[in-house]
1. I'm told Leu479 meets every condition in (1) out of contact with any Ser or Thr (no Cβ under 8 Å at 6 or more places or on another chain); (2) open to solvent by less than 10 Å² (accessible area, probe 1.4 Å); (3) within 30 Å of Phe139 (Cβ to Cβ); (4) in a helix (DSSP H, G or I) except one. Can you identify the failing condition by its number?
2. Taking the condition small (Gly, Ala, Ser) and more than 26 Å from Arg397 (Cα to Cα), does Ser125 pass?
3. Out of (1) surrounded by fewer than 24 Cβ atoms within 10 Å (Cβ to Cβ); (2) free of Cβ contacts under 8 Å to residues at least 60 places away in the same chain, what's the single condition that is false for Leu377?
4. Kindly state which strands (runs of 3 or more DSSP E) lie completely within segment 528-618 and contain at least 2 residues that are in contact (Cβ under 8 Å) with a residue 24 or more places away in the chain and not hydrophobic (A, V, I, L, M, F, W, C).
5. Pairs needed: first member in segment 236-264, modelled with pLDDT of 95 or more; second member anywhere, part of a loop (DSSP other than H, G, I, E, B) and of a type in the set (Phe, Trp, Tyr); C-beta distance under 7 Å; at least 6 residues apart or different chains.
6. Can you confirm whether Ser26 is over 22 Å from Lys179 (Cβ atoms), in a loop (DSSP other than H, G, I, E, B) and open to solvent by 10 Å² or more (accessible area, probe 1.4 Å)?
7. Looking at segment 201-216, is at least one residue modelled with pLDDT of 95 or more, within 24 Å of Ile73 (Cα to Cα) and surrounded by fewer than 17 Cβ atoms within 10 Å (Cβ to Cβ)?
8. Specify the residue that is nearest to the chain's Cα centre (by Cα); the eligible residues are those in segment 336-350 that are surrounded by 14 or more Cβ atoms within 10 Å (Cβ to Cβ) and in a loop (DSSP other than H, G, I, E, B).
Amino acid sequence: MNKSGIEAVALSIRSLSMDAIQKANSGHPGLPLGAAEIAAVLYGEIMKHNPADSAWVDRDRFVLSAGHGSMLIYSVLHLAGYKVTLDDIKSFRQVGSKCPGHPEYGITDGVEATSGPLGQGIALSVGMAMAETMLAARFNTSHHKIVDHYTYALVGEGCLEEGVSSEACSLAGTLKLGKLIVFYDENKISIDGSTDVTFSEDIQKRYEAYGWQVLRGSMYNIGEILDLVKMAQAEEEKPTLIILKSTIGKGAPKQGTADVHGAPLGAEGVAEAKKTLGIPADSQFYVAPEAYAYFEERRKVFAQQYEEWNAEFDAWSKENPDLRKKWDAYWAKQPTGDAAVPEYKAGDKIATRGASGKSLNYMADRYEWLVGGSADLQGPNKTALKHDDGTYSAANRKGRTIEYGIREFAMSQVMSGINLHGGLRAFGATFLVFADYLRASLRVAALSRIPNIYILTHDSIYVGEDGPTHQPIETLASLRCIPHVQVLRPGDAEEAPLAWELAMESTDHPVCMAFTRQDLPVYEKGDKKWRETARKGAYVVKDCSGTPDITVLATGSEVSLALDAAKLASGKKVRVVSVLDKTLFDSQDSSFRDSILGGAKRIVVAEAGVRMGWEGYAEKEDCFTLNDFGESGPAAKVAEHLGFTAAALADVLNR
């Protein structure tokens, strides 16, 4: 260990951080000043990584869960040799910068995940650690370990106060993720002051209750940190929380107070901090020469580790050609098997959740790298995988079914972690109404362009007896309004497999699929090329001769409702359209949209949800939608009570 080199790196992290934040006149200096040592030790001595190839599949992962301290990671990435220049750091928090206010996946070389909202980073790390164990179980052999890395995260008080960290860490302990190591920057300060007022529980006992190993030390004792990490790595069954006592804003005039948490130090504060820390007073963006020299030597070690792994991988490939073929398919998201596509005929009656379950199993048979499960709703969500791999657990790392427990938020973040890790594709399921529990994670997944797959069943008032708490009214609209989220609501069992195809084809956005609890009839399709047309968001299910008087835009269960209502329309020429993906339909050129609308004199919308989002297609009185919560009772009775029936829709058509 080159202690002086590590100390020079820590000093340079502090220097770069305070100057970048001061130049931007915006940022959070407290964490990078207070926790510089852990970044220096991690990237210099602990982690297996290679700045020359930041996408190396067997690298250790690091997630800065306390993302407000972003200058910590930007500084160390620059020093370590990643594609982060001094000019990038000087443009911290500016439009188009590679160093945005919080770490953003896909913008900065070496940043593993978007980690702005507190708590989400540590939850996502659990998914990364799970992915490592899944791939190791599938591909490592008695002679070769080609998947063998750790997942590290740095958290602060805010991360541990947010509920998602509790959800995810409870799951991690149950699953015995021994290669997950989390550092807790314990400075007991947040934006509003000391956390003694709001955060007094015994964190050690809490995490021990989760099934974690908990270790303690000082942020400023480099040798102790290295010893603690060795102890963490030696514990193969329990994840480890290493609590490091620190001083927020170390070296600044107001160190140890909330004043250094989330605002620049000011010119005088920076000058005083540089004097205290031993940084040249007249310097700007100072880097100690020893820091660059240290990493220049360490990069030789990183390159050697990288080459050794490549040699190991080549030897494994020669000995295991079938496994290598499968490995390539996993990472390229290519088929690993074959299966028959589910087929239906007009007149069949099946809930779209049931059709989804059949489609899911078709996809699972075709793509072995598809993994996932439900937030304790496997039966209702129809997400049981009919294969022999079983449920993922500490005893069965090859399991493809993930039982997330009643943890929708953590489920979504775990999915993001698995998908960001690479090699696997994760899905998760719950009731549509409970998408609100995971919405914050879905937003970050969309921002990060992560292709999570969400199966959301029980999609309307037709849930019935469970009542308004379980009957989503506003949820579809709320999901559609998130940029880069694809929302699919198939109208029958034939459309469900197409929805699954679209979901599996996504590489750069999350997909939410909404499915019914109740049985729906499979209807005749007026458009014989409907599968091709529907890929643009909508297609004509039932047409009429000539120009329609009315075109009904319907989604999900309301397509069959509209077909029934059209039969009751007196002397009206009615076209019925299934809108599988409203946002996608909206994005098409006007010629396609006009071809679907058919030049109708009136457009009527039918959806068992709020009107929001449909205003551009139909007048208020022509929106057959809902503007209040549901009711408890049998589904048909609830619909009748709310005036949501074919006869009521026919009344709208007959106006």
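1. The single condition Leu479 does not satisfy is (3).
2. Numbers: small (Gly, Ala, Ser): yes; more than 26 Å from Arg397 (Cα to Cα): no.
In short, no.
3. All conditions are met except number (2).
4. Values: elements: 538-542, 550-554, 574-579, 602-606.
In segment 528-618, 538-542, 574-579 are the strands (runs of 3 or more DSSP E) which contain 2 or more residues that are in contact (Cβ under 8 Å) with a residue 24 or more places away in the chain and not hydrophobic (A, V, I, L, M, F, W, C).
5. Lys238/Trp212; Pro239/Trp212; Thr240/Trp212; Leu241/Trp212
6. Values: over 22 Å from Lys179 (Cβ atoms): yes; in a loop (DSSP other than H, G, I, E, B): yes; open to solvent by 10 Å² or more (accessible area, probe 1.4 Å): yes.
For Ser26, the condition - over 22 Å from Lys179 (Cβ atoms), in a loop (DSSP other than H, G, I, E, B) and open to solvent by 10 Å² or more (accessible area, probe 1.4 Å) - is met.
7. Yes, segment 201-216 contains a residue that is modelled with pLDDT of 95 or more, within 24 Å of Ile73 (Cα to Cα) and surrounded by fewer than 17 Cβ atoms within 10 Å (Cβ to Cβ).
8. Thr336
The values are calculated or read from the model by the stated rules, or taken from the named source; none is laboratory data. In this text, all values refer to a predicted model and were calculated from it rather than measured experimentally. When we count neighbours, we look across all protein chains shown, and the Cβ atoms used for this are built from the backbone with ideal geometry, even at glycine. Only protein heavy atoms, including side chains, enter the accessible area calculation; ligands, DNA and RNA are left aside. Shrake-Rupley method; radii C 1.70, N 1.55, O 1.52, S 1.80 Å.
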